[in-house]
Amino acid sequence: MKKRAFFLLISTVIILSLLVTGCSPKPTEPAAIDEPTEDVDVEVVNVGWIGSLTGDQAVWGNCEFNTVKMLFEEINENGGLLGKQINVIGYDTRGDAMEAVNAVRRLTSQDKIVALIGPNASGQAIAISSVLEEMKVPGIATVATNPKVTVDDNGQVKPFNFRVCFIDPYQGAVAAGYAKDVLGFTKAAILYDVADDYSQGLTEFFEMTFKEKGGEIVAKEGFKFGDVDFRPQLSKIKEANPEVLFMPYFFKEAALSANQARELGIDAVLMGGDGWPSEVLIEMAKEAIEGSYIVNHLDFADPDVQDFKATYTAKYNLPVELNGYLAYDAVRVLEQAIQNADSFDSVAIRDALKTVSVKGITGQINISADTHNPEGKDAAIIKIVDGDYIFQQKYSAE
Amino acid sequence: MSAFLQQMINGLSIGSVYALMAVGYSLVYSIMNFSNFAHGGVIMIGAYMGFFLMTALELPFAVAFVLAAIGAGLLAVSLERIAYRPLRKRNAPFLYFIISAMGASIFLENIVVATIGPTFRTYPKVFSSTPFQFGQISVGRLDAIMFLISGISLMMLVYIIEKTKTGMAIKSTAYSIRASTLMGVNTDRIIFIVFGLGGVLAGIAGVLFGMKYTVYPQIGFITMKSFIAAVFGGLGSLPGAVIGSILLGVIETLTAGYFSSQYRDLIAFILLIAVLIWRPSGLMGKITEDKA
């Protein structure tokens with residue numbers, strides 16, 4: 001009997017541990033961060049924000065929310081927009097698409113927001129589009145780079161979704177253009193994750209652009225998410241003798257594959273996308289990635305961004321994450337659209353968003369009415385020199 | 001030709017990692033007749049032990065390596081006590097052992113996620129990353145050392161099983177646990193020892209894997225492949241586990257190198273299934289009746 005009781009105890013512990021750690025608790029109501037003010041239509045207008053304030057991506061979400069609040073405070077101090085004060089209401093999505101949908105429902109029906117900023121993740125941004133369309137409220141995503149965020153499966157643009165970042169295929173085209181036209185390489189190889197949309201998008205457009213410009217793809221090898229050994233693929237790539245090796249995936253795989261490539265004696269220049277920048281990458285593969293190039297959203301050392309960086313750090317005593325810069329631009333885009341619309345009607349704001357053109361801190365943002373993406377936005381080319389991310393130049397793919 | 005040799009070396013190096021992991025599965029299977037899926041969890045904990053011994057306590061590699069192997073052995077033994085012995089005492093069906101093992105494996109993964117965190121860690125550099133060069137062919141220093149350590153560990157295991165009295169008892173228990181008990185073998189002790197040995201091998205595999213790649217809570221996922229290699233070689237047979245692992249590593253590498261890296265797993269596993277249809281008990285397997 002005693003043993004049975006013990007076994008029961010152990011099973012209970014196992015089951016409980018699964019419940020506690022396996023799935024995070026998901027209450028039905030999104031957590032309110034700022035209580036909405038009562039008089040919505042007198043002097044104050046509500047603008048919504050959603051993103052992760054808890055969970056894995058909390059550091060990015062908090063930075064976005066801080067940025068959005070800080071900018072609207074500044075706007076309010078300077079007399080507000082169209083003579084009205086702006087109130088920002090933010091809800092936590094916990095990185096979950098269902099939570100995002102709930103939060104947007106509450107923001108649009110209860111809090112009567114005129115426009116939404118966020119989320120940063122493509123999965124959530126895609127999930128909320130039907131709610132935005134139903135409630136006729138425009139949303140501006142920050143770092144959601146998947147093409148499907150603003151365009152549906154049939155290629156039709158979604159009427160109420162916008163974004164301020166460039167998209168995955170564009171990154172691929174920028175990398176190819178820079179490798180061919182600026183660095184002068186003619187033989188490229190690609191190693192990519194066959195199980196990942198981001199990696200596939202970058203690969204497809206790198207290949208297309210590089211070939212269009214007269215270059216040759218000498219090898220194209222795949223791996224699957226979860227792999228840690230890339231030497232079979234890299235040995236094959238080595239045989240093809242490329243001048244540049246494009247590695248469009250995240251920093252962990254980038255570090256492992258870069259180390260293994262050097263170990264096999266591949267001396268080609270390595271290139272990656274915005275999945276690369278990270279302290280861990282340098283720590284794991286400092287020597288292997290020396291001299292590599294990265295396509296990023298902006299240059300952190302750019303003089304244009306220093307003012308914002310200093311104000312933010314002074315106010316919150318935290319470093320600015322990549323998301324903060326794009327949240328900054330989302331606010332600027334929305335501000336411009338409201339001024340152009342000369343109204344707080346959300347459909348009028350949507351119409352104005354289609355033709356917004358502002359100089360953001362991550363580059364010139366010209367929203368295209370056809371795609372709702374910022375067209376021809378400059379990417380920042382970063383080179384890794386002595387374990388540091390050194391800005392090279394702004395570059396855009398034609 | 002040099003490309004082919006390079007790919008063979010890649011395959012051998014990947015295969016030797018699988019082998020170290022697969023032997024643990026086979027060892028437990030040969031005695032207990034069930035697949036100990038918690039083995040992957042023990043490997044993962046072993047890797048974390050090595051990592052923290054080297055970074056937090058700043059112990060030299062050799063000391064950390066031995067301590068992690070012993071620690072993993074102790075963990076495996078306590079798992080047997082907590083998760084399997086109560087079932088064994090009540091003659092539970094084999095399915096229950098597998099469920100219990102899966103539970104333990106999920107438990108270990110989640111406890112690490114909850115306490116240490118889901119992000120991966122990197123071992124400090126112990127060996128230089130400049131490879132040995134033989135003409136066109138390069139062999140990583142760490143690979144060579146891993147191959148050596150795997151070989152020595154496996155040979156020590158074979159020595160224990162073939163040349164010692166305990167080994168004889170293990171073999172007889174594997175043959176028939178009931179008859180061995182009747183002959184006066186303390187089978188509880190043998191099972192304890194087998195789990196301990198499997199755990200030590202898991203610890204060694206964990207530290208080597210962590211050094212070569214990284215440490216993360218889902219390392220157990222990789223051990224699925226070594227489990228498959230163990231089945232391919234013939235579950236319950238130690239040489240089978242080693243040969244199956246090496247073959248899987250080489251087949252994977254050659255498929256990626258000469259056919260298509262995108263379809264690597266597809267082609268490699270179709271080959272494995274074909275072999276299992278031809279020889280259902282695996283390449284070297286002796287056990288033919290249907291067991292879990």
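The values are calculated or read from the model by the stated rules, or taken from the named source; none is laboratory data. Values in this document were obtained by computation on a predicted structure and should not be read as measured data. Positions of Cβ are generated from backbone atoms using ideal geometry, with glycine treated the same way; all protein chains shown enter the neighbour counts.
Picking from B:62, B:3, which residue would you name as being part of a helix (DSSP H, G or I), on the phi < 0 side of the Ramachandran plot, within 14 Å of chain A (Cβ to nearest Cβ) and surrounded by fewer than 23 Cβ atoms within 10 Å (Cβ to Cβ)? Reasoning before the result, please.
On the way: B:62 fails: within 14 Å of chain A (Cβ to nearest Cβ).
Result: B:3 is the single residue among B:62, B:3 that is part of a helix (DSSP H, G or I), on the phi < 0 side of the Ramachandran plot, within 14 Å of chain A (Cβ to nearest Cβ) and surrounded by fewer than 23 Cβ atoms within 10 Å (Cβ to Cβ).
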Filtering the range B:109-136 down to residues that are facing another protein chain (nearest Cβ under 9 Å) and small (Gly, Ala, Ser), which residue is nearest to residue A:57 (Cα to Cα)? B:114
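Can you confirm whether residue B:160 is part of a helix (DSSP H, G or I), crowded, with 17+ Cβ neighbours inside 10 Å, of a type outside the set (Asp, Glu) and more than 14 Å from chain A (Cβ to nearest Cβ)?
Details: part of a helix (DSSP H, G or I): yes; crowded, with 17+ Cβ neighbours inside 10 Å: no; of a type outside the set (Asp, Glu): yes; more than 14 Å from chain A (Cβ to nearest Cβ): yes.
No.
What do you reckon, is residue B:140 crowded, with 21+ Cβ neighbours inside 10 Å, at pLDDT below 85 and over 18 Å from the mean Cα position of the chain (by Cα)?
On the way: crowded, with 21+ Cβ neighbours inside 10 Å: yes; at pLDDT below 85: yes; over 18 Å from the mean Cα position of the chain (by Cα): yes.
The answer is yes for residue B:140.
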I'd like to check something: does the range B:94-108 contain any residue that is surrounded by fewer than 23 Cβ atoms within 10 Å (Cβ to Cβ), in contact (Cβ under 8 Å) with a residue 24 or more places away in the chain, more than 14 Å from chain A (Cβ to nearest Cβ) and within 15 Å of the chain's Cα centre (by Cα)? no
Qualifying position, being assigned to a loop (DSSP other than H, G, I, E, B) and of a type in the set (A, V, I, L, M, F, W, C), among A:104, A:131, A:143: A:143
Being among the aromatic types (Phe, Trp, Tyr) and within 27 Å of residue B:210 (Cβ to Cβ) is the filter; apply it to the range A:199-242 and report the residue that is nearest to the chain's Cα centre (by Cα). A:225
Positions within the range B:35-59 being within 14 Å of chain A (Cβ to nearest Cβ) and assigned to a loop (DSSP other than H, G, I, E, B), in sequence order: B:37, B:38
Sort out which residues of the range A:193-229 are at the interface with chain B (Cβ under 10 Å from one of its Cβ atoms), under 15 Å from residue A:270 (Cα atoms) and of a type in the set (A, V, I, L, M, F, W, C), and write them in order of number. A:219
What is the number of the single condition among (1) within 14 Å of chain A (Cβ to nearest Cβ); (2) touching a residue at least 40 places away in the same chain (Cβ under 8 Å) that residue B:77 does not meet? (1)
Breaking point among (1) closer than 16 Å to residue A:63 by Cα; (2) touching a residue at least 40 places away in the same chain (Cβ under 8 Å), for residue A:289: (1)
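State all residues of the range B:45-59 that are touching a residue at least 24 places away in the same chain (Cβ under 8 Å) and surrounded by fewer than 17 Cβ atoms within 10 Å (Cβ to Cβ); if no residue qualifies, say none.
Of the range B:45-59, the ones touching a residue at least 24 places away in the same chain (Cβ under 8 Å) are B:45-51, B:54-55.
Matches in the range B:45-59: B:55 only.
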Could you check, for the range A:216-224, whether at least one of its residues is over 17 Å from residue A:295 (Cα atoms), modelled with pLDDT under 90 and either in a loop (DSSP other than H, G, I, E, B) or not charged (D, E, K, R) (or both)? yes
So, in the range A:198-235, how many residues would count as being farther than 20 Å from residue A:179 by Cβ, in contact with a Ser or Thr (Cβ under 8 Å, 6 or more places away or on another chain) and surrounded by fewer than 21 Cβ atoms within 10 Å (Cβ to Cβ)? 1
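Can residue B:101 be described as touching a Phe, Trp or Tyr at 6+ places or on another chain (Cβ under 9 Å) and in a helix (DSSP H, G or I)?
Working: touching a Phe, Trp or Tyr at 6+ places or on another chain (Cβ under 9 Å): yes; in a helix (DSSP H, G or I): yes.
Judged against the criteria, residue B:101 is a match.
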Meets criteria (under 30 Å from residue A:129 (Cβ atoms), basic (Lys, Arg), modelled with pLDDT under 95 and not in a strand (DSSP E or B)) for residue A:377: yes
Being in contact with a Leu (Cβ under 9 Å, 6 or more places away or on another chain), within 14 Å of chain B (Cβ to nearest Cβ) and crowded, with 20+ Cβ neighbours inside 10 Å narrows it down to one residue among A:190, A:128; which is it? A:190
Scanning the range A:256-275 for residues that are more than 24 Å from residue B:226 (Cα to Cα) and under 26 Å from the mean Cα position of the chain (by Cα) gives A:258, A:269, A:270, A:271, A:272, A:273, A:274, A:275
Of all residues in the range A:342-374 being of a type in the set (S, T, N, Q) and part of a strand (DSSP E or B), which is surrounded by the fewest Cβ atoms within 10 Å (Cβ to Cβ)? A:357
